[in-house]
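Asker: Structure provided below as structure tokens; questions to follow.
Read-outs throughout are calculated quantities, based only on the coordinates presented, and are distinct from any laboratory measurement. Computed from a predicted structure; not experimentally measured. Cβ sites come from the backbone with ideal geometry, for glycine too, and all protein chains shown count toward neighbours.
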């Protein structure tokens, strides 16, 4: 660290907010200027200057009964705007508890609240004390120190001096941690050294917990919170932080218990409602999570992360429009919130708008290249575009960052399924159900893979598992119908197709399979109707075009068959069998030269063209005295 006198001057801009009681004094604005100026003079020795940039009236809530509640009211109503910090002044007369402080400062979000006192000198000392909290300083049991917990003095002790110098260039953006990662260990070292020297000071434990949280050292974080709670059993912030540690180590029920302890004592704590929302979301209690996040944003309307997470819950509920609305709200508050951009990208995937999905996912990764959700989004964009290898690469990136990311495992399984890497697909889907036993979509996709591998009994069991978890899952009935059809149980197959359509009348896969069943029942007109319905719902769905082409060919409707085979080739230019079948159809339409071209293309793609057909086609071309194309 450099010596204080060697430091250049940093100006920290201040927005002051005075409530109606404080403003009853005619000279309230002059008094605030004196107080801020006095604090600035005290801290100039550290190269810091505080400058009032804005002054506003604060309509404080007269029903708040503690400084903590009043601070939440200040945060709700007075935004930072262009200023680094907000300092609130209140003269409310309330029934404060005997241990309620005269001032309060929030390190992470840059707010200070001061109560009016008769002694302006004492008020200035308290204000300096709270400014120091914004610079990483802690409440101490140190007589004469400006950070003395009960009676702030005028002296800057060595420990406080070191913290102020460490934090003098701190970031005041409330959406970003105050210190860069390069300074976290130095801060932790200072707090731990103080612990060894001074003994029990709960504020030191709390600050250590906050820094261990940023470093994702949850074991150390839990230890500090428990020590803080031994000193002060009702320390709300310690219960909240302990809840975060439990949540991040997968102990969701314990986390929820800690959050509820806080909310019983302080129901208007927005961060705790937010944290409760995360825990409930992880437990799959989506409606309860919506309530928790909604309460957080009601208490703190500019809580960008809460708006973003609310959008994420709506995404999980498949309510894309609401997800987009909440994420856009979050981004109006803080445009560089990468998680909101990523969720926005996922919501557009749900709406099949892959252009917008890619745009927002790439924006998210520009801000945070390690955002697993955005990589997962890009994988789905590539999968939709049939760029399978690039999709697999993005899903693997997501899993390198977050190995427990179930959705990325599921999507990687889908990509392997499309690629034809069936054993890899089975591995990923099994990983999904191991991590999330009620993941019915993964069971259903296991059924699809087993159908492709000819393992009909396993496909049947997986479909039944999916439907046991979610009896209203139409895709599950489609795969169950496939399995029954493979077993020759046509009536059961058709019954399950009907069930799928009753649950989702816009499911092209169900109509396609139903068409196959109708054809097996020797009902060609009904089969044609089902295939056409499937194509109407999804013109790019290859299977019904292929099935319809085959149906027309069997009926010797070669012209219609040709149209459908051409559509198959348009959808999948590498589909060799379609070229062969198109060549045969053209042969029966007496278009021999064109038939030969498509037959050769089938051979180039590796299709084993029947030698008899090739020989007969050559004869027809020679008979017409046309040179056989090479």
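Asker: Please give the helix 592-604 orientation as an angle from the longest Cα principal axis of the chain, in degrees from 0 to 90, rounded to the nearest 10.
Answerer: Computed tilt is about 50 degrees.
Asker: Oh, and also: Obtain the nm distance between the two label points defined at residue 55 and residue 453 by a simple spin-label model: each point lies 7 Å from its Cα along the Cα-to-C-beta direction.
Answerer: 7.6 nm
Asker: So, one more: Could you order peptides 261-267, 378-384, 423-429, 47-53 by the average number of other Cβ atoms within 10 Å of their residues, highest first? Walk me through the intermediate numbers first.
Answerer: Working: 261-267: 15.7, 378-384: 22.1, 423-429: 19.7, 47-53: 18.0.
For the peptides 261-267, 378-384, 423-429, 47-53, the packing ranking is 378-384, 423-429, 47-53, 261-267.
Asker: How would you classify the range 258-348 from its alpha-carbon gyration tensor, with a ≥ b ≥ c the square roots of the eigenvalues: rounded for a/c under 1.5, else prolate if a/b is greater than b/c, otherwise oblate?
Answerer: Note, shape of the range 258-348 comes out oblate.
Asker: Expressed as a whole number of Å, what is the distance separating the alpha-carbon centroids of the range 100-162 and the range 500-557?
Answerer: 76 Å
Asker: Using only alpha carbon positions, build the gyration tensor of the range 472-579, then give the equivalent ellipsoid semi-axes as the square roots of 5 times its eigenvalues, largest first, whole angstrom.
Answerer: Details: eigenvalues 112, 46, 28 Å².
After diagonalising the Cα gyration tensor, the semi-axes are 24, 15, 12 Å.
Asker: Next question, about the same structure. Go ahead and estimate [θ] at 222 nm for the chain from helices alone: -39,500 (n - 2.57) per DSSP H run with n ≥ 4, summed, over the residue count, rounded to 500. Display every interim value, and only then the final one.
Answerer: On the way: 30 runs with 403 residues, N = 630.
The per-residue figure over the chain is -20500 deg cm²/dmol.
Asker: Going by average Cβ neighbours within 10 Å, how do the peptides 581-593, 161-173, 602-614 rank, with the highest at the top? Can you show the working numbers first?
Answerer: Details: 581-593: 20.0, 161-173: 18.4, 602-614: 13.2.
For the peptides 581-593, 161-173, 602-614, the packing ranking is 581-593, 161-173, 602-614.
Asker: Can you tell me the length gained on complete extension of the stretch residue 182 to residue 10, counting 0.36 nm per residue apart and subtracting the Cα distance?
Answerer: Working: separation 172, 0.36 × 172 = 61.92 nm, distance 2.05 nm.
Full-extension gain reported as 59.9 nm.
Asker: With both bridge residues required to lie in the range 1-176, what share of the DSSP beta bridges run antiparallel, to the nearest 5%?
Answerer: Percent antiparallel among DSSP bridges in the range 1-176 is about 15.
Asker: Points 7 angstrom from Cα along the Cβ direction at residue 390 and residue 486: gap in nanometres?
Answerer: Between residue 390 and residue 486, the simple spin-label model gives 3.3 nm.
Asker: Output the relative contact order of the chain, whole-number percent, from Cα pairs under 8 angstrom with separation of 6+ residues.
Answerer: On the way: 1012 pairs, mean separation 28.5, N = 630.
Relative contact order comes out at 5 percent.
Asker: Looking only at the chain, where both bridge partners belong to it, what percent of the DSSP beta bridges are antiparallel (to the nearest 5)?
Answerer: 15 percent
Asker: So what's the projected area for the chain, the Cα convex hull averaged over all directions, in nm²?
Answerer: Answer in nm², one decimal: 35.8.
Asker: Let me know the shape class of the range 334-401, please: from the alpha-carbon gyration tensor, a ≥ b ≥ c as square roots of the eigenvalues, rounded when a/c is under 1.5, otherwise prolate if a/b is greater than b/c, or oblate. Can you show the working numbers first?
Answerer: Working: a/c = 2.31, a/b = 1.22, b/c = 1.90.
Oblate, since a/c reaches 1.5 and b/c is not below a/b.
Asker: Based on the mean of other beta carbon atoms within 10 Å per residue, what is the order of 204-210, 101-107, 366-372, most packed first?
Answerer: Ranked from most to least packed, the peptides come out as 204-210, 101-107, 366-372.
Asker: Okay, next question. Note down the nm distance, to one decimal, between modelled labels 7 Å out along Cα→Cβ at residue 155 and at residue 196.
Answerer: Distance between the two pseudo-spin positions: 2.3 nm.
Asker: Now, a different point. Determine the gain in length on full extension of the stretch residue 120-residue 229; use 0.36 nm per residue of separation and subtract their C-alpha separation, reporting nm with one decimal.
Answerer: Contour length minus Cα-Cα distance gives 35.8 nm.
Asker: Pull out the extension gain between residue 525 and residue 286, defined as 0.36 nm times the separation in residues minus the alpha carbon to alpha carbon distance; nm, one decimal.
Answerer: 81.5 nm
Asker: Listing 497, 83, 132, 432 from the residue with the fewest other Cβ atoms within 10 Å to the one with the most, what is the order?
Answerer: Ascending Cβ contact count within 10 Å gives the list 83, 432, 132, 497.
Asker: Quick one: Cα centre-to-centre distance for the range 315-391 and the range 481-499, in angstrom?
Answerer: Each part reduced to its Cα centre gives a spacing of 38 Å.
Asker: Still on this structure, I have one more. Assuming a ≥ b ≥ c are the square roots of the Cα gyration tensor eigenvalues, decide whether the range 557-630 counts as rounded (a/c under 1.5), prolate (otherwise, with a/b larger than b/c) or oblate.
Answerer: Verdict is oblate for the range 557-630.
Asker: Can I ask one more? So what's the projected area for the range 102-251, the Cα convex hull averaged over all directions, in nm²?
Answerer: On the way: hull surface 35.8 nm².
For the range 102-251, the mean projected area of the Cα convex hull comes to 9.0 nm².
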